[in-house]
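Notes to accompany the following structure.
The values are calculated or read from the model by the stated rules, or taken from the named source; none is laboratory data. Since we're looking at a predicted model, the values are computed, not measured. Note that each Cβ is placed from the backbone with ideal geometry, even for glycine, and that neighbours are counted across all protein chains shown.
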Amino acid sequence: MAIIRVELGARDQATREALIADLTDVMVKYGSPRESTQVILYEVSMDLWAKGGVPYSRRAARAAEGTA
C-alpha cells in the first residue's frame with residue numbers, strides 16, 4: 001500500500017483528478033496495487049503560502065504588474 005501526500009496551491013477539480021490519476025499510475029508502475037494506493041491533496045491558499053517572506057498571491061500580483 002502507498003499513501004501519497006501532496007501540498008499544492010488550489011486547483012480546479014479536473015486538475016485535481018488528473019493529478020490523482022497520474023500519481024496513482026506512477027505508484028502502480030513501481031509495484032503498488034492500484035486499489036491500495038491512496039492520494040491525499042492538501043490545498044493551501046496562496047495567501048498563506050510564502051517564499052522569502054512574501055505570499056505567493058502577492059508575488060503573482062507583482063508579476064502581473066511587471067514589478068516582480
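Among residues of the range 51-63 that are of a type in the set (A, V, I, L, M), none has a beta-carbon under 7 Å from a residue that is in a helix (DSSP H, G or I) at least six positions away or on a different chain.
Here is a list: ARG59, ARG16. Which entry is modelled with pLDDT of 95 or more and either of a type in the set (D, E, K, R) or not in a strand (DSSP E or B) (or both)? Within the list ARG59, ARG16, the selection yields ARG16. Contact map, the range 9-31: first residue closer than 10 Å to LEU41 by Cβ, second residue part of a helix (DSSP H, G or I), Cβ cut-off under 8 Å, separation 6 or more or different chains; pairs are ARG11/LEU19.
If you go through the range 23-51 and keep only what is assigned to a helix (DSSP H, G or I) and either modelled with pLDDT under 95 or surrounded by 11 or more Cβ atoms within 10 Å (Cβ to Cβ) (or both), you end up with LEU23, THR24, ASP25, VAL26, MET27, VAL28, SER36.
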